[in-house]
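The values are calculated or read from the model by the stated rules, or taken from the named source; none is laboratory data. A quick note: this is a predicted structure, and the numbers were derived from the prediction, not measured. Cβ placement follows ideal geometry from the backbone for every residue including glycine, while neighbour counts extend to all protein chains displayed.
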Amino acid sequence: MSVSTYLSEFAREHNISEDLASQILKEAFLTIYRKKVGKDYDNLDVEIGKKINLYQRKKIVEEISDEVAEITPELAKNYTKKKNLKVGDTVLVPIEINDFGRQFAQILKQVLKQKVAEIHKDVIYNEYKNKVGELVFGKIKSKVERRNPGYYVSIEPKEVEAFLPMENVPPDEEFERGDIIKAVLVKVYPSDSIEESQLILSRTSEDLVKQLLIMNIPEISDGTFVIKAMARKPGEVTKIVLYSNNEAIDPVSVTVGKQGLRIKPIRAELGSERIELIRWNDDPKILIKNAISSSRVLKNRIAEIYHIDMNWEEKTASVVVPNEFVAPLIGKKGVHQKMLEKITGWHIIFVPYSEYEIKIAEKQKQVDQILGIASEEEVEFIEEESIPITMLPFSKKQLKILKGAGFEDVAEIIEYSIEELANKCEISLDEAMEIWKVIEDNVEIEETE
């Protein structure tokens, strides 16, 4: 077989160009050469024509100290037609393939295989290094049970091999050979990595759900809807916060679609995993309410939120909910609470209503003591005329809160219990108490018979 024919078949077999096949062959010869003379030498020239010619490049020196790389002027004359040779010139000394030993052919075959593998790894790395996070389609080739169990997957359309570790598979999923799957590319190892698999896939990544949404919901792919935040517990629930750039289009209802038609393919892909869609709001309190209301932690029941106390300095929200919702909203090992905190950006403390009731009673008692009344007695102003809230020395913040809640007169505030005032003004019980103290210091109130 001629060299050209061999190169053509070699290139076709490994799906590479003939130029690349020629380069690989030259590198293979250099590898074998270095194994024979030493790894630091690269003075081998390979000429590929009708046959393969090998030459050692040797430098002319007066006295040889390295027989592999040096030659005397007298010996150099045997390998060149050049007459005026001088120290420092280079000559090419032919090498016979037989000089590499009887096992040369077998060694060459092994080296070529290794070089082709390295080239393919470089090609794969360059093609996929910028595709991390993208959705890929593949076919399960085999399942492995060993120190690092998982599935070997053939990625379409080029049938490149990837690995899906078992730790990246939701607990309720199992695949058979030939199954077609969707996954996201999460890691691409460089060609010189010692890892067995260069491409690593995942079905537990949040990016899988994100890419499924992009693929199935046009408003997300075209930017009308924006995914503001996500949190996922694979196999159980994914929480997705959606924002609409078009106020006329509701992102949640449109994403779900009529009779759930648009979200159905995504749910089918994720199996039993719940998808909770949450409307984004710039107001953290409303966002927290939306997130908790969307949480189906108790079957067929939505958590009623009695009160939210926002600590803006510490970025902490104390949320009062029915007693039976506290544990499910926190979740096992705090997982559900952490998911809510991730998508809202706030630390959330769930307070059982029974505990909040005790605090309400304590604060109400303090208010009653301030006003000098028994719990069942009514109060009225001694002043005959009404008192606008602007007449009292409320702070700017307190006035803003009261006006925002619709209060104009002190008499209107007196009609509310401490709990009602806190809820109406969306403030804490302590903040409501401070408002009562301003009234107590500046308004005379008497009991009515």
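What number of residues within the stretch 87-98 are assigned to a helix (DSSP H, G or I) and in contact (Cβ under 8 Å) with a residue 40 or more places away in the chain? Let's see the steps before the verdict.
First pass over the stretch 87-98, keeping only residues assigned to a helix (DSSP H, G or I): 97-98.
With in contact (Cβ under 8 Å) with a residue 40 or more places away in the chain added as a condition, the list becomes 97.
Of the residues in the stretch 87-98, 1 are assigned to a helix (DSSP H, G or I) and in contact (Cβ under 8 Å) with a residue 40 or more places away in the chain.
For residues in the stretch 50-63 being farther than 20 Å from Lys39 by Cα and at pLDDT 90 or above, which is surrounded by the most Cβ atoms within 10 Å (Cβ to Cβ)?
As a first pass, look at the stretch 50-63 and keep what is farther than 20 Å from Lys39 by Cα: 50-53, 60-63.
When the remaining residues are screened for being at pLDDT 90 or above, the result is 60-63.
Details: Ile60: 21, Val61: 17, Glu62: 8, Glu63: 7.
The selected residue is Ile60.
For the stretch 270-282, indicate whether the set of residues that are touching a Ser or Thr at 6+ places or on another chain (Cβ under 9 Å) and assigned to a helix (DSSP H, G or I) is non-empty. Let's see the steps before the verdict.
Taking the stretch 270-282 as the starting set, the residues that turn out to be touching a Ser or Thr at 6+ places or on another chain (Cβ under 9 Å) are 270, 273-280.
Right, trim to assigned to a helix (DSSP H, G or I) and you get 270.
Yes, there is a match, as at least one residue in the stretch 270-282 is touching a Ser or Thr at 6+ places or on another chain (Cβ under 9 Å) and assigned to a helix (DSSP H, G or I).
Looking at Asn15, Asn53, which one is in contact with a Pro (Cβ under 9 Å, 6 or more places away or on another chain) and outside any helix (DSSP H, G or I)?
On the way: Asn15 fails: in contact with a Pro (Cβ under 9 Å, 6 or more places away or on another chain).
The unique qualifying residue is Asn53.
Could you say which residue among Leu7, Leu44 is more than 23 Å from Thr80 (Cβ to Cβ), aliphatic (A, V, I, L, M) and either touching an Asp or Glu at 6+ places or on another chain (Cβ under 6 Å) or modelled with pLDDT of 85 or more (or both)?
None of the other options fit; the residue is Leu7.
Only residues that are surrounded by fewer than 12 Cβ atoms within 10 Å (Cβ to Cβ) and of a type in the set (D, E, K, R): list them for the stretch 67-98, please.
Glu67, Glu74, Lys81, Lys82, Lys83, Lys86, Glu96
In this structure, is Thr31 closer than 29 Å to Val123 by Cα and either in contact (Cβ under 8 Å) with a residue 40 or more places away in the chain or in a strand (DSSP E or B) (or both)?
yes
Could you tell me how many of the residues in the stretch 103-149 are in contact with a Lys or Arg (Cβ under 9 Å, 6 or more places away or on another chain) and basic (Lys, Arg)?
3
Given the structure, is Glu219 in a loop (DSSP other than H, G, I, E, B), over 30 Å from Lys332 (Cα atoms) and of a type outside the set (A, V, I, L, M)?
Numbers: in a loop (DSSP other than H, G, I, E, B): no; over 30 Å from Lys332 (Cα atoms): yes; of a type outside the set (A, V, I, L, M): yes.
No.
Scan (1) crowded, with 18+ Cβ neighbours inside 10 Å; (2) among the hydroxyl-bearing types (Ser, Thr, Tyr); (3) over 16 Å from Ala105 (Cα atoms) for the single condition Tyr33 breaks and write down its number.
(3)
Any residue at all in the stretch 345-362 that's part of a helix (DSSP H, G or I), at pLDDT 95 or above and crowded, with 16+ Cβ neighbours inside 10 Å? Reasoning before the result, please.
Just the residues of the stretch 345-362 that are part of a helix (DSSP H, G or I), to begin with: 353-362.
Restricting the remaining residues to those that are at pLDDT 95 or above gives none.
No, the stretch 345-362 has no match at all.
Give the number of residues within the stretch 279-312 that are charged (D, E, K, R), farther than 21 Å from Asn423 by Cα and crowded, with 18+ Cβ neighbours inside 10 Å. Let's see the steps before the verdict.
Applying the first criterion (charged (D, E, K, R)) to the stretch 279-312 yields 279, 282-283, 285, 289, 296, 299, 301, 304, 309.
Add one more test, that the residue is farther than 21 Å from Asn423 by Cα, and what stays is 279, 296, 299, 301.
Then keep just the ones that are crowded, with 18+ Cβ neighbours inside 10 Å; that gives 279.
Within the stretch 279-312, residues that are charged (D, E, K, R), farther than 21 Å from Asn423 by Cα and crowded, with 18+ Cβ neighbours inside 10 Å number 1.
Within the stretch 284-308, can you find the residues that are part of a helix (DSSP H, G or I) and in contact with a helix residue (DSSP H, G or I) (Cβ under 6 Å, 6 or more places away or on another chain)? Walk me through how you get there before you give the answer.
Filtering the stretch 284-308 down to residues part of a helix (DSSP H, G or I) leaves 284-293.
Across the stretch 284-308, the qualifying residues are Leu287, Ile288, Ala291.
Which number in (1) surrounded by 13 or more Cβ atoms within 10 Å (Cβ to Cβ); (2) part of a helix (DSSP H, G or I); (3) under 50 Å from the mean Cα position of the chain (by Cα) marks the one condition that Tyr41 misses?
Here Tyr41 clears every test but (2).
Test Lys315 against the criterion of being modelled with pLDDT of 90 or more and either surrounded by fewer than 18 Cβ atoms within 10 Å (Cβ to Cβ) or touching a Lys or Arg at 6+ places or on another chain (Cβ under 7 Å) (or both), and give yes or no. Explain how you work it out, then say what you get.
Values: modelled with pLDDT of 90 or more: yes; either surrounded by fewer than 18 Cβ atoms within 10 Å (Cβ to Cβ) or touching a Lys or Arg at 6+ places or on another chain (Cβ under 7 Å) (or both): yes.
When the stated conditions are applied, Lys315 passes them.
Within the stretch 238-266, track down each residue that is among the basic types (Lys, Arg) and touching a strand residue (DSSP E or B) at 6+ places or on another chain (Cβ under 6 Å). Break it down into steps so the answer makes sense when it comes.
Just the residues of the stretch 238-266 that are among the basic types (Lys, Arg), to begin with: 239, 258, 262, 264.
Residue satisfying the conditions is Lys239 alone.
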